[in-house]
Amino acid sequence: MLTRIDLRSSPGQGAIDRDLLPRAELDVEAALEKVRPICEDVRHRGTAALIDYAQRFEQVTIERTRVPAEALERALAELDPAVRSALEESIRRARLVHREQRRTDTAVRVVPGGTVTERWVPVERVGLYVPGGKAAYGSSVVMNVVPAQEAGVGSLVIASPPQRAPGNEWGEGLPHPTILAACALLGVTEVHAAGGAQAVAMLAHGTAECAPVKLVTGPGNVYVTAAKRLLKGIVGIDAEAGPTEIAVLADASADPRLIAADLISQAEHDVLAAAVLITPSAELADAVDAELGPQVAAAKHHERISEALTGRQSGIVLVRDLDHGLAVSDAYAAEHLEIHTEDAAAVAARVRNAGAVFVGPHAPVSLGDYCAGSNHVLPTGGCACHSSGLSVQSFLRGIHVVDYDRQALAEVAHHVVALAEAEDLPAHGTAVKVRFESGKARSGA
């Protein structure tokens with residue numbers, strides 16, 4: 001079923017050609033031209049534009065975007081007890097992990113009388129986007145909200161698309177009840193029924209119902225991604241998320257049944273989802289292919305899964321050995337990377353590029369999606385070679401506080417002047433010298 005890419009005869013030295021590896025096409029530039037007028041419309045017309053786009057894109061009628069408090073309370077009260085228990089455990093584990101990511105202020109005494117302190121200050125107001133569409137991502141509420149709360153963000157707002165009836169038995173115009181219940185569990189009281197590019201524009205520009213935010217986080221489709229790119233600068237963003245990815249690095253010791261199940265689990269998300277097996281074992285590749293047939297056929301979303309697995313973004317990459325496999329894995333820089341090898345922990349320790357690494361047969365990506373304690377908002381499209389997943393740090397800003405007394409400045413003044421003159425910026429040097437000119441410097445300044 002999966003396309004095969006045989007790299008076993010590729011040169012032994014040098015960088016891996018990333019163009020040879022499977023990857024989904026995501027034309028954000030083309031989407032930009034579609035979202036630009038939408039974002040401008042929301043900037044000018046606010047809630048009225050959001051109401052129109054809800055009718056146009058979601059085919060739902062809404063009168064306002066702000067979800068009433070009673071809807072949040074009702075969603076939690078009516079939530080399936082098993083789902084509530086699972087969400088509570090997911091929240092508990094996520095808090096354990098993210099609480100340890102908190103930063104502390106650090107003061108460095110550079111010289112007597114001269115210190116530089118790095119203060120960590122949370123972003124004041126954050127907009128968290130939770131997708132709708134093919135699934136109700138209550139887990140994404142957890143993954144966005146928990147690190148923001150642990151960072152100390154004071155004002156949180158969630159945007160999620162309004163749902164149609166009868167799919168939403170509550171009636172039209174509200175986000176999915178599981179999303180609302182997750183918000184209630186986490187104490188988030190400001191939720192807006194807005195999806196797509198128009199939701200990002202609402203968060204960035206603000207409306208009469210929603211004050212503008214400083215930062216937008218959370219995954220979405222290509223139009224959400226394009227809107228984040230367009231509005232970056234007006235508002236901060238976490239990343240430009242693309243379709244989900246799983247790569248599995250496996251040797252002959254791996255269980256093909258588990259690998260097939262894990263590839264299918266991520267292909268279930270979307271027809272553009274990527275599922276990639278990297279292995280030096282042709283026998284394992286054959287066995288995984290054999291497992292995929294019946295497992296895909298038995299899956300609820302088999303058509304979506306089959307399209308994802310047969311797309312250009314998915315495949316089996318044959319490599320010479322595990323060292324070569326690690327090089328290919330690092331070049332691919334998967335959002336999720338599973339290690340199914342002998343001594344998997346040692347192999348995992350050598351990985352340099354991945355959003356998250358899952359070690360051995362008992363750490364599937366699904367665990368990380370929900371209840372490992374890790375965050376599932378991760379870099380895609382190869383961005384794991386330079387970017388990290390969502391964390392407490394995503395919601396903090398480092399501010400350097402420079403505190404020098406007169407003597408400390410005097411001791412370094414000649415260096416400042418020398419560097420200023422070397423860069424042909426003499427006024428920089430004058431700003432230091434003037435403090436020591438007779439009659440112009442203030443004692444203790």
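The values are calculated or read from the model by the stated rules, or taken from the named source; none is laboratory data. Being a predicted model, the structure only gives us computed values, none of them experimental. For neighbour counting, all protein chains shown are included, and Cβ atoms are generated from backbone atoms with ideal geometry for every residue, glycine included. SASA here: full protein model, heavy atoms, side chains in, ligands and nucleic acids out. Shrake-Rupley method; radii C 1.70, N 1.55, O 1.52, S 1.80 Å.
Site pair ALA252 and LEU367 shows an inter-label distance of 2.7 nm when each label is modelled 7 Å from Cα along Cα→Cβ. A cut-off under 11 angstrom between Cβ atoms defines the neighbours of ALA208, and their net charge, with Lys, Arg +1 and Asp, Glu -1, is +2.
Given R₀ = 35 Å, FRET efficiency for GLN101-GLU209 by Cβ-Cβ distance, to 0.05? Plugging the Cβ-Cβ distance into 1/(1 + (r/R0)^6) gives 0.60.
Taking Cβ atoms as reference points and 13 Å as the exclusive limit, the residues near ARG320 contribute a net charge of -3, counting Lys and Arg as +1 and Asp and Glu as -1. Using a probe of 1.4 angstrom and keeping all protein chains present, the accessible surface of the range 332-445 works out to 55 square angstrom per residue.
Full extension of the chain segment joining ILE5 with ALA331 gains 115.9 nm, where the gain is 0.36 nm per residue of separation less the Cα-Cα distance. In this simple spin-label model, placing a label point 7 Å from the Cα along the Cα-to-Cβ direction at both GLU25 and LYS232 gives a separation of 2.3 nm.
Stretched out straight at 0.36 nm per residue, the stretch from ARG435 to THR61 would grow longer than its current Cα-Cα span by 128.1 nm. Summing charges over all other residues whose Cβ lies under 11 Å from the Cβ of ALA282, with Lys and Arg as +1 and Asp and Glu as -1, gives -2.
Annotation for the range 280-374: trypsin sites (Lys or Arg not before Pro) lying in DSSP loop with at most 10 further Cβ atoms inside 10 Å of their Cβ are LYS300. Peptides 250-260, 102-112, 334-344, 283-293 ranked from most to least packed by the mean count of surrounding Cβ atoms within 10 Å: 334-344, 250-260, 283-293, 102-112.
Using C-alpha pairs below 8 Å separated by at least 6 residues, the relative contact order for the chain is 21 percent. Modelled spin-label separation between LEU419 and ARG36, with each label point placed 7 Å from Cα along the Cα-to-Cβ direction: 4.1 nm. Applying 0.36 nm per residue to the separation of ASP52 and ILE399 and subtracting their alpha-carbon distance, the gain on full extension is 120.8 nm. For helix 406-422, report the angle its Cα long axis makes with the longest principal axis of the Cα atoms of the chain; keep it between 0 and 90° and round to the nearest 10°. Helix 406-422 sits at roughly 70 degrees to that axis.
Computed over protein heavy atoms with a 1.4 Å probe, the carbon and sulfur contribution to the accessible area of the chain reaches 51%.
Among beta bridges from DSSP that stay inside the chain, the antiparallel ones total about 30%.
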